[in-house]
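As C-alpha cells, the structure follows; a few thoughts come after it.
The values are calculated or read from the model by the stated rules, or taken from the named source; none is laboratory data. Everything numeric in this text was worked out from a predicted model, so none of it was measured. In this analysis, Cβ positions are derived from the backbone assuming ideal geometry, glycine residues included, and neighbour counts consider all displayed protein chains. Just the protein is used for accessible areas: all its heavy atoms, side chains included, with ligands, DNA and RNA removed. Shrake-Rupley method; radii C 1.70, N 1.55, O 1.52, S 1.80 Å.
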Amino acid sequence: MKKDSLIIAGKEYQSRLLTGTGKYTDMEQTQQATEASGAEIITIAIRRSNIGQHADEPNLLDILPPEKYTLLPNTAGCYTLEDAVRTCRLARELLDGHKLVKLEVLGNEKTLFPDVIETLKAAEILVKDNFDVMVYTNDDPIIAKQLEEIGCVAVMPLAAPIGSGLGIRNPYNILEIIENANVPILVDAGVGTASDAAIAMELGCDGILMNTAIANAQNPVLMATAMKNAVLAGRQAFLAGRIPRKRYASASSPIDGSFV
Amino acid sequence: MDIIVNGKTNTVQPNTSVADLITILALDGKRFAIEINKELVLRSSFDTTHLHAGDKIEIVGAIGGG
C-alpha cells in the first residue's frame, strides 16, 4: 500500500492515532501505553509547577521528549477565551516557540461540552497570533466549517462527551463535517473501545484523539495496541471502500457449473 | 514585599527581578513558563522585569493531560 500520511500544519505523520497523557497510574505506564499506541502527536496539559517539591521526580517531558513526539499542549479546563489564549501563550514559551496547540473552551462542567462561541473567538485570536490551532468542537457541521475558515489547521469534533466512552453518537454529523472539510477532521473525545475507533475511521475521519479509553482501560498498554490496530483497520477499510448494505443475500459461490 | 506565587504568598526584597525569583525558587535550568498578572513574561525579559508588591505570578509546566 502506498504511503498514507496524515498532514497537519505541513508536517507528515504516519500514525492517525493521537493520544492524551492524562489519567495514567504513573509515568512508566504513560510511557509504555504511548509507545504501544504508536502515536506521534501527544497532548499535554499546562498546570502550575510543583515548586520545591519532588525535585527528582521524573518530568513528563523527560519520558516523552519533544524530540520524539510532537507535543500538543491543550487548554483543558479553560472556560473563557482569555484563559485559553493565556494558556496557549504560556505553552508556546514553555516549549521554545512551539506553535501547535489544541484549543478547547469548555462551556459546562458536567458535560464538558465546548462553548463554541468562545471557541470561535479564541480560535480567531490564536490564528492571528500565529498559532497552529487544532480545535475541539461539537459535532455541528456549520461551526466546524467556520473554524476551518478562521484558519484552524485541524477541526476535532467530539464523538461523545470527554471520557464518556459512549462512542460515535452522531455518525451522520461527523460524516457531514468530513465531506465538507478541507482540513483534517479528527474525532476528539468519546471513544470507548476499539470498534468505536474503527467506526470513526471508516466514516473517513483523518484521525482520532483519545485519552480515557486507553488510560482507564483495565490494561492500558494492551488497549493502546488495540486502538492502534483499530485505527489502522478502520482507515484501510475506508480506503478500500466497503460494499453497500443490501436487504437480501448475494451468493458468494457461482451458480454456473452447479450440478445439483 | 509580598507577592503571590502559584496562589501562595511569598515575601521577597523590593526590586527583585524575575531572574532573582527563579534563583530563589531553585528553578534555574528547569523547564517552565511564567506570567505576571496574567501577562506572559518572555525568558529574554527575566533580568529586566521587576516584581511589585501584590503581583500575582504563575509558574507553569507540562503535565499529563488529554
Quick check on this structure: which one of B:Asp28, B:Asp47, B:Asp55 is closer than 25 Å to A:Pro73 by Cα and open to solvent by 10 Å² or more (accessible area, probe 1.4 Å)?
B:Asp28
Considering only region A:1-24, state which residues are among the polar types (S, T, N, Q), touching a residue at least 24 places away in the same chain (Cβ under 8 Å) and in a loop (DSSP other than H, G, I, E, B).
A:Gln14, A:Ser15, A:Thr21
Residues of region A:88-126 being open to solvent by 20 Å² or more (accessible area, probe 1.4 Å), under 17 Å from B:Ala33 (Cα atoms) and touching a residue at least 24 places away in the same chain (Cβ under 8 Å), in sequence order, are A:Arg89, A:Arg92, A:His98, A:Lys99
Output for region B:1-43, where each listed residue is at positive phi, facing chain A (nearest Cβ under 10 Å) and without any contact (Cβ under 8 Å) to a residue 12 or more places away in the chain:
B:Gly7, B:Ala26
Where residues in region A:127-162 are assigned to a loop (DSSP other than H, G, I, E, B) and more than 18 Å from A:Glu176 (Cβ to Cβ), which of them is least open to solvent (accessible area, probe 1.4 Å)?
A:Phe131
One residue is enough: does region A:57-65 have a residue meeting the conditions facing another protein chain (nearest Cβ under 10 Å), in contact with a Phe, Trp or Tyr (Cβ under 9 Å, 6 or more places away or on another chain) and either of a type in the set (A, V, I, L, M, F, W, C) or free of Cβ contacts under 8 Å to residues at least 24 places away in the same chain (or both)?
no
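Checking the conditions here, which among A:Ile214, A:Ile208 is modelled with pLDDT of 95 or more and assigned to a helix (DSSP H, G or I)?
A:Ile214
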The residue that is nearest to A:Phe113 (Cα to Cα), considering only those in region A:74-96 that are of a type in the set (A, V, I, L, M, F, W, C) and more than 7 Å from chain B (Cβ to nearest Cβ), is A:Cys78
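Going by what's in this entry, would A:Arg169 be described as open to solvent by 70 Å² or more (accessible area, probe 1.4 Å) and charged (D, E, K, R)?
The answer is yes for A:Arg169.
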Output the residues belonging to region B:18-55 that are more than 9 Å from the chain's Cα centre (by Cα) and part of a strand (DSSP E or B).
B:Glu39, B:Leu40, B:His50
If I filter region A:41-53 for residues that are more than 9 Å from chain B (Cβ to nearest Cβ) and under 22 Å from A:Gly163 (Cβ atoms), do I get at least one hit?
yes
Of all residues in region A:25-44, which are modelled with pLDDT of 95 or more and assigned to a loop (DSSP other than H, G, I, E, B)?
A:Gly38, A:Ala39, A:Glu40
